[in-house]
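Novice: Have a look at this one.
The values are calculated or read from the model by the stated rules, or taken from the named source; none is laboratory data. Just so you know, these numbers come straight off a predicted model, no measurement behind them. Backbone-built Cβ (ideal geometry, glycine too); neighbour counts: all protein chains shown. Heads up: the accessible areas ignore ligands, DNA and RNA and are worked out on the full protein's heavy atoms, side chains in. Shrake-Rupley method; radii C 1.70, N 1.55, O 1.52, S 1.80 Å.
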Amino acid sequence: MQKRWVEQEPGNREAVAELQQLLNIDEVLATLLVNRGICTFESARDFFRPEIGHLHDPFLMKDMDRAVQRIERAILLQEKVLVYGDYDVDGTTAVSVVYSFFKRFHDEIDFYIPDRYKEGYGVSTQGIDYASRNGFSLIIALDCGIKSVDKVDYAHSLGIDFIICDHHLPGDVLPAAAAVLDPKRGDCAYPYKELSGCGIGFKLIQAFSIRKALPFKEIVQFLDLVAVSIAADIVPITGENRVLTFHGLKRLNSEPCKGLSALMDVSGKKNTYTITDVVFSLAPRINAAGRIDDARHAVNLLVAEDHELALSKGMLIDLKNTERKEHDSSITEQALLMIEQDSSLITRKTTVVYDESWHKGVIGIVASRLIERYYRPTVVLTRSNGHVAGSARSVAGFDLYQALDSCSDLLDQFGGHKYAAGLTMKPENIPAFQDRFEQVVSASIAEDLLVQQINIEACIPLSHITPRFVRILSQFAPFGPQNLAPVFLTRGVRVYGQATVVGGKHLKLVVRQDDQTLFNCIAFGMADFESRVNTGLPFDICYTIEENIWKEKRTLQLNVKGIRA
């Protein structure tokens, strides 16, 4: 796929020079810090040394007092409490944290995860009815509920209170819950707005611990799950999230909970876990439980206190993930063939494909896969419960939600945000939706948004990559949204020896510049460049710098993102 290389404009040169002198680092590293809004010695110190003490007081969050008081009352009166959460990684980790913590203080507690296919996302009527039938009088909703005004009212009519712990944008009216914890509330002065759903749950148990004068070590064990939620939910790894992720990864790599430890065992990777490893190894397995079967399997794994039980649950989830990958691969192949065999689909600025036999649990993944091949707004549709259900994904810079809103008369319902959404429609509306969606996107999308962009932070010679440079750069981790691993550009490199194709589609090569130091490189999905780079002629590369660990051996490697003449 063609990609646009965009070199970032230099930041504030005065700030860069000042930071360079204060920290005794080179100009490139100082520039990377300024690009991230770090312009003082104090902010750099906090960035490089995230401390637990940097976490905010949870009682700064609106309604936190009320939430803790309501839980204390439930414990005192022996009320039955139901911990309710979404079926994705953020929801299941949040439920696992809150359920496991409060189970220490209260026996009358259970958890509930809605069925992806029968109940859908968020608080459901079926879930409330389950609570009513089983005598629960308090529901703690995690990673959902901020727009469940009618559902909370329905629960009240049955004598059930709610505590909402959500991180999504509220609507015009808040649910009439006993407490609504959401930093994105307009009246909430909490200093950090980008916590994950599990992060909100963690602040709740932190507040309860403070109220009960419990030491922080009583809740530190849950930071591994919080880090997994932050990585999987693609929230910014800045501010408080950076602190939680930094210490959560430490916990994950030293003393993970039995469930995550089992999952790490069955995934076959035994080395140090990074955010990337969580995103591509652990998170898909946790998600697979809800996509293919029942997300309760994921919670049962993550709350397990016995290693053997955790291992058996981990093996079950790993099997579900294998099944998910088979569906994903098969459907992606079918969808690509569908596009390639229809010239009108190839030339469009959108992709809308439909097959009634496709598995609903993986169509969102398939939409992302199609964007890897055809970089444009994409909707994948299948049949579900008599309707057509779809998952939509966008490209950087294009508001998918607004485009779907322009097609709303053809849809039964839709929801989501700028880059990802879900929708349903009647089968007979598919052709009209395909045409309308194409018209709306074609009329509003800029041409350059249809070409994937690589954002380059600095142009450096290979000789700049010294051990000290790499050592300081490694302290920029954990990487993620708003703190992405820096992409560097080096011009005029040549292959040393011969580049080879590995795994059928990846390129492995060693590069040199001006006969200086050699660097091992891996270029994923770039096998097509083999003959070009093996001509002996110079070429440019853009890349991230990473450590490759293979059979306990650590080597420096450039992860190539682009190659050009």
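Novice: Restricting attention to the range 406-442, and to residues there that are open to solvent by less than 40 Å² (accessible area, probe 1.4 Å) and under 24 Å from PRO170 (Cα atoms), which single residue is nearest to the chain's Cα centre (by Cα)?
Specialist: Checking each candidate, the answer is ALA420.
Novice: What pairs come out if I take residues in the range 154-165 that are on the phi > 0 side of the Ramachandran plot and pair them with residues that are buried (at least 16 other Cβ atoms within 10 Å of the Cβ) and not acidic (Asp, Glu) whose C-beta lies under 6 Å away, six or more apart or interchain?
Specialist: Between residues of the range 154-165 that are on the phi > 0 side of the Ramachandran plot and residues that are buried (at least 16 other Cβ atoms within 10 Å of the Cβ) and not acidic (Asp, Glu), there is no close pair.
Novice: Still on this structure, I have one more. For the range 78-98, what are the residues that are modelled with pLDDT of 95 or more and either in contact with a Lys or Arg (Cβ under 7 Å, 6 or more places away or on another chain) or within 13 Å of PHE136 (Cβ to Cβ) (or both)?
Specialist: Within the range 78-98, GLN78, GLU79, LYS80, VAL81, LEU82, VAL83, TYR84 qualify.
Novice: Further question: Quick one: GLU18 ticks every box in (1) farther than 16 Å from PHE246 by Cβ; (2) assigned to a loop (DSSP other than H, G, I, E, B) bar one, so which box is it?
Specialist: GLU18 satisfies every listed condition except (2).
Novice: Okay, next question. Applying the selection to the range 355-368, what residues are under 21 Å from the mean Cα position of the chain (by Cα) and open to solvent by 60 Å² or more (accessible area, probe 1.4 Å)?
Specialist: Correct list: LYS360 only.
Novice: Could you list, in sequence order, all residues of the range 25-39 that are open to solvent by 30 Å² or more (accessible area, probe 1.4 Å), assigned to a loop (DSSP other than H, G, I, E, B) and touching a residue at least 24 places away in the same chain (Cβ under 8 Å)?
Specialist: Of everything in the range 25-39, those that are open to solvent by 30 Å² or more (accessible area, probe 1.4 Å), assigned to a loop (DSSP other than H, G, I, E, B) and touching a residue at least 24 places away in the same chain (Cβ under 8 Å) turn out to be ASP26, ARG36, CYS39.
Novice: Restricting to the range 512-524, name every residue that is closer than 15 Å to GLU546 by Cβ and not in a loop (DSSP other than H, G, I, E, B).
Specialist: Residues satisfying the conditions are PHE519, ASN520, CYS521, ILE522, ALA523.
Novice: Let me ask something else. Residues that are under 23 Å from ASN483 (Cβ atoms), at least 2 per element: which helices (runs of 4 or more DSSP H) completely within the range 182-272 meet that?
Specialist: 197-211, 223-233, 239-254
Novice: Does any residue of the range 419-435 turn out to be closer than 19 Å to ILE339 by Cβ, outside any strand (DSSP E or B) and free of Cβ contacts under 8 Å to residues at least 24 places away in the same chain?
Specialist: Scanning the range 419-435 turns up at least one residue that is closer than 19 Å to ILE339 by Cβ, outside any strand (DSSP E or B) and free of Cβ contacts under 8 Å to residues at least 24 places away in the same chain.
Matching residues to (1) open to solvent by 70 Å² or more (accessible area, probe 1.4 Å); (2) closer than 30 Å to GLY37 by Cβ; (3) in contact with a Lys or Arg (Cβ under 6 Å, 6 or more places away or on another chain):
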| site | (1), (2), (3) |
| --- | --- |
| SER444 | yes, no, no |
| ASN455 | yes, yes, no |
| THR500 | no, no, yes |
| LYS508 | yes, no, no |
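Novice: Then there is this: Given the conditions (1) buried (at least 18 other Cβ atoms within 10 Å of the Cβ); (2) in contact (Cβ under 8 Å) with a residue 40 or more places away in the chain; (3) not in a helix (DSSP H, G or I), and given that PRO175 satisfies all but one, which numbered condition is not satisfied?
Specialist: PRO175 satisfies all of (1) buried (at least 18 other Cβ atoms within 10 Å of the Cβ); (2) in contact (Cβ under 8 Å) with a residue 40 or more places away in the chain; (3) not in a helix (DSSP H, G or I) except (2).
Novice: What about ARG251, is it within 29 Å of LYS118 (Cβ to Cβ) and surrounded by fewer than 21 Cβ atoms within 10 Å (Cβ to Cβ)?
Specialist: When the stated conditions are applied, ARG251 does not pass them.
Novice: May I pose another question? Hey, among GLU305, GLU333, which residue is modelled with pLDDT of 95 or more and of a type in the set (Asp, Glu)?
Specialist: GLU333
Novice: Name the single residue, out of those in the range 387-405 being in a loop (DSSP other than H, G, I, E, B) and of a type outside the set (Gly, Ala, Ser), that is nearest to the chain's Cα centre (by Cα).
Specialist: Checked the range 387-405; the qualifying residue nearest to the chain's Cα centre (by Cα) is VAL395.
Novice: Of the residues that sit in the range 299-354 and are over 19 Å from LYS258 (Cα atoms) and assigned to a loop (DSSP other than H, G, I, E, B), which one is most open to solvent (accessible area, probe 1.4 Å)?
Specialist: Result: GLN341.
Novice: Related question: Being surrounded by fewer than 17 Cβ atoms within 10 Å (Cβ to Cβ), of a type in the set (Gly, Ala, Ser) and not in a loop (DSSP other than H, G, I, E, B) is the filter here, so list the residues in the range 462-498 that pass it.
Specialist: SER463, SER474, GLY492
Novice: Only one of (1) free of Cβ contacts under 8 Å to residues at least 60 places away in the same chain; (2) open to solvent by less than 30 Å² (accessible area, probe 1.4 Å) is not met by ILE237, so which one is it?
Specialist: Failing condition for ILE237: (1).
Novice: Sort out which residues of the range 158-183 are among the charged types (D, E, K, R) and either under 26 Å from PHE105 (Cα atoms) or modelled with pLDDT of 95 or more (or both), and write them in order of number.
Specialist: Passing the criteria: ASP161, ASP166, ASP182.
Novice: Just a yes or no: is a residue in the range 179-196 more than 19 Å from GLN78 (Cα to Cα), surrounded by 22 or more Cβ atoms within 10 Å (Cβ to Cβ) and hydroxyl-bearing (Ser, Thr, Tyr)?
Specialist: yes
Novice: Out of the residues in the range 390-405 that are hydrophobic (A, V, I, L, M, F, W, C) and open to solvent by 10 Å² or more (accessible area, probe 1.4 Å), which is modelled with the lowest pLDDT?
Specialist: Within the range 390-405, the match that is modelled with the lowest pLDDT is ALA396.
Novice: Turning to a different aspect of this structure: Does at least one position in the range 280-291 carry a residue that is under 19 Å from THR92 (Cβ atoms) and open to solvent by 50 Å² or more (accessible area, probe 1.4 Å)?
Specialist: Yes; the residues of the range 280-291 include at least one that is under 19 Å from THR92 (Cβ atoms) and open to solvent by 50 Å² or more (accessible area, probe 1.4 Å).
Novice: I'm checking my understanding of the structure. Among residues of the range 375-389 that are free of Cβ contacts under 8 Å to residues at least 60 places away in the same chain and open to solvent by 10 Å² or more (accessible area, probe 1.4 Å), which one is nearest to GLN452 (Cα to Cα)?
Specialist: My answer is ARG383.
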